[in-house]
Ligand SMILES: Nc1ncnc2c1ncn2[C@@H]1O[C@H](COP(=O)(O)OP(=O)(O)OP(=O)(O)O)[C@@H](O)[C@H]1O
Ligand SMILES: Nc1ncnc2c1ncn2[C@@H]1O[C@H](COP(=O)(O)OP(=O)(O)OP(=O)(O)O)[C@@H](O)[C@H]1O
Ligand code: SF4
Ligand SMILES: [Mg+2]
Ligand SMILES: [Mg+2]
């Protein structure tokens, strides 16, 4: 893995002012992303995954949002860049695909028009026929059969999986350095999901893009991610390589996640492990470790779980980090046990 | 033998008419949502139904609970055909058959308190003597893991998982024998999913319930089901004990489906080739001749286009609708058991 990072996020915090109080959606998040790397982000609903993603595109500049920290794209801080700079980055150096391919497409324009437009925004005055052939080429790459015919069709004439391919074509037409994919296959059937994941992997090899893949599906993570951030209530609680996450998770929330996953094999192991309770309110986060009300191991945390916010620290021999007060030995042995279960 | 059957569907068909072209005056088309499905659910067991979007799972669920009437076919509940019942007979029988939905929120009236939501069916159907509704409701709340003190709270005050518990309590209120659950955990986070699956399993053990459990998530179904039916374009293509279907899928579609599921084991990444289906599911308005899967099947021959394979036991006793079933490709990487 190369360690030249294309994207560095430093102390990113995002708060939304609401009638009930401030929602701290993302709290002091930091991570790096290298070209060619796929970084998976997992975490429960509401843990801040999408808000993180849209911050990188600087898309949550709503008046109620306060964003602090730095998002450095090859050295340029996206958060403080001018509108013009951001416009020239968005869709060109950084592109995004969302869960719902239908709402990402305009029903009134042909798919060919929409792919071409994404290109022309960043490349003025290019000959129409040149653009058209680029679009056809891209449609072929994303696996649309018969592109010469389909280029002039409208989104409703495509199936869900084909629409997601079009969305990917739009995202990749400018060969972005960073592709952010927020639940890109969640709305798709498994056989179509498999096709789309294959496609993303092969296009990543071809373009050497960095990918941020947001998903709640640990199976998808296992298949495509190189490294993983586990988020809980707006904070990173674990970072691991994908193999480390599944062999030796280092945070009690991650132990719980692994235990709760149903598998295609064995149903004879009986009850699934569960994480008791539900995620906390982001307006009044639990004191100390936000996970403590649901954590089984609070009693081993030397009394700090309830009072001190745990910082991320490196742990074990696999390059992981954890934000948990338990001692390294305890975490590693619990983690191995959780992975074996 | 029929005594062991909680629920039986016999040759169920549901066609939804769709608008015909008025200009051409063609006869009305129809969506063949469910096209000849027969199933049985043994008492106290779970039948899982899997298949991709649009294959007819929800329509089947609505047919067996008689929320909609079939185009043809019948549904036997404890041996009684519910498709021909009406009036109070229907009401009494249908009580035994409750449904749980995917989206617990939209199926709960936002203006009613949880207590009202759960106790409503009790009052309407006179399940408990007057005056005891509240006690019974709180008992149900406790049973599904809700705090009975939250009796007066409203749906929006609950999380997704808690709302699903409310939906389950409401279904249990009528003391059903069969619960049809349509994607009951699909909208929930993994950790909450596990809580609900455990709850459903415990209730089954305690109350002897039978389940029809619909999900597009194959591993969830593997976890909970005793028997599994795999649907494709309105038909069951394979049915059998979950252990058999998952470890030795006999139908090519089942193989493809299983092979597409991402497994939470990065060490197995890239091992063996996966089966990748090409193309899309054909339209249920005009399904392919012969075997409906043939347009995407790598084994298809002329026979498949000419003759529809019937769902019947093959030589190995596997119930499958395919002319060339049963050769498990080694690359599937599924352990023989
Ligand atoms: N514009 C907004 N105003 C107020 N709160 C918001 C806003 N956008 C997001 N939030 C809140 O921020 C938190 C994080 O949301 P986010 O969408 O990032 O979650 P997520 O991890 O992507 O969840 P999911 O898995 O459900 O997509 C949530 O509690 C959400 O309600
Ligand atoms: N009321 C209706 N009128 C017309 N067509 C319908 C109706 N209900 C369902 N259909 C069609 O019948 C087919 C089967 O739909 P159904 O909802 O049963 O599928 P499903 O397997 O539950 O899919 P999903 O996994 O997306 O929930 C689909 O093609 C659907 O569009
Ligand atoms: S019957 Fe033929 S087309 Fe259908 S699944 Fe079997 S081999 Fe494929
Ligand atoms: Mg999200
Ligand atoms: Mg459905």
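The values are calculated or read from the model by the stated rules, or taken from the named source; none is laboratory data. Please read these numbers as outputs of a predicted model, since none were measured by experiment. Cβ: placed from backbone, ideal geometry, glycine included. Neighbour counts: every protein chain shown.
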Among the candidates A:45, A:103, A:82, residue that is surrounded by 15 or more Cβ atoms within 10 Å (Cβ to Cβ) and in the same structural domain as residue A:160 (by TED's automatic domain parsing) = A:45
Which ones in the range B:279-301 are within 16 Å of ligand 5 (Cβ to nearest atom) and within 12 Å of chain A (Cβ to nearest Cβ)?
-> B:281
Scanning the range A:177-227 residue by residue, those closer than 15 Å to residue A:142 by Cβ, within 11 Å of chain B (Cβ to nearest Cβ), touching a strand residue (DSSP E or B) at 6+ places or on another chain (Cβ under 9 Å) and buried (at least 23 other Cβ atoms within 10 Å of the Cβ) turn out to be none
Quick check: anything in the range A:231-244 within 14 Å of chain B (Cβ to nearest Cβ), surrounded by fewer than 24 Cβ atoms within 10 Å (Cβ to Cβ) and either within 16 Å of ligand 2 (Cβ to nearest atom) or free of Cβ contacts under 8 Å to residues at least 60 places away in the same chain (or both)?
-> no
From B:239, B:224, grab the single residue that is within 16 Å of ligand 3 (Cβ to nearest atom) and either more than 12 Å from chain A (Cβ to nearest Cβ) or crowded, with 19+ Cβ neighbours inside 10 Å (or both).
-> B:239
Here the residues within the range B:252-303 that are near ligand 3 (Cβ under 8 Å from one of its atoms) and in contact with a strand residue (DSSP E or B) (Cβ under 8 Å, 6 or more places away or on another chain) are B:253, B:292, B:293
Counting only residues that are under 12 Å from residue B:213 (Cα atoms) and within 14 Å of chain A (Cβ to nearest Cβ), the range B:52-83 contains a total of 1
Inspect all residues belonging to the range B:185-201 and state whether any of them is away from chain A (no Cβ under 11 Å) and under 19 Å from residue B:62 (Cβ atoms).
-> no
Across the range A:138-152, what is the total count of residues that are surrounded by 15 or more Cβ atoms within 10 Å (Cβ to Cβ), free of Cβ contacts under 8 Å to residues at least 60 places away in the same chain and not in a helix (DSSP H, G or I)?
-> 3
Out of B:248, B:276, report the one residue that is at pLDDT below 95, within 14 Å of chain A (Cβ to nearest Cβ) and buried (at least 18 other Cβ atoms within 10 Å of the Cβ).
-> B:248
Which of (1) modelled with pLDDT under 90; (2) more than 14 Å from every other protein chain (Cβ to nearest Cβ); (3) within 16 Å of ligand 2 (Cβ to nearest atom); (4) surrounded by fewer than 17 Cβ atoms within 10 Å (Cβ to Cβ) is the odd one out, the single condition residue B:92 does not satisfy?
-> (3)
Top-ranked residue of the range B:40-51 - restricted to ones that are over 11 Å from the mean Cα position of the chain (by Cα) and away from chain A (no Cβ under 14 Å), ranked as nearest to ligand 5 (Cβ to nearest atom) | B:41
Of all the residues that make up the range A:35-66, how many are part of a strand (DSSP E or B), modelled with pLDDT under 95 and more than 16 Å from ligand 4 (Cβ to nearest atom)?
-> 1
Determine, yes or no, whether residue B:192 is outside any loop (DSSP other than H, G, I, E, B), under 20 Å from residue A:44 (Cα atoms) and in contact with a helix residue (DSSP H, G or I) (Cβ under 6 Å, 6 or more places away or on another chain).
-> yes
In this structure, is residue B:128 buried (at least 16 other Cβ atoms within 10 Å of the Cβ) and at pLDDT below 85?
-> yes
Over the range B:251-268, the set of residues facing chain A (nearest Cβ under 8 Å) and within 19 Å of the chain's Cα centre (by Cα) is B:257, B:258, B:261
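Being on the phi < 0 side of the Ramachandran plot and outside any strand (DSSP E or B) is the filter here; which residues of the range B:68-85 pass it?
Matches in the range B:68-85: B:68, B:69, B:70, B:71, B:82, B:83, B:84, B:85.
Being surrounded by 20 or more Cβ atoms within 10 Å (Cβ to Cβ) and either away from ligand 2 (no atom under 16 Å from the Cβ) or more than 19 Å from residue B:106 (Cα to Cα) (or both): is that true of residue B:205 here? Even if it seems obvious, please write down each step before you answer.
Working: surrounded by 20 or more Cβ atoms within 10 Å (Cβ to Cβ): no; either away from ligand 2 (no atom under 16 Å from the Cβ) or more than 19 Å from residue B:106 (Cα to Cα) (or both): yes.
Spelling it out, it is not the case that residue B:205 is surrounded by 20 or more Cβ atoms within 10 Å (Cβ to Cβ) and either away from ligand 2 (no atom under 16 Å from the Cβ) or more than 19 Å from residue B:106 (Cα to Cα) (or both).
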Matching residues in the range B:59-84 (more than 15 Å from residue B:10 (Cβ to Cβ) and either free of Cβ contacts under 8 Å to residues at least 12 places away in the same chain or surrounded by 18 or more Cβ atoms within 10 Å (Cβ to Cβ) (or both)) number 4
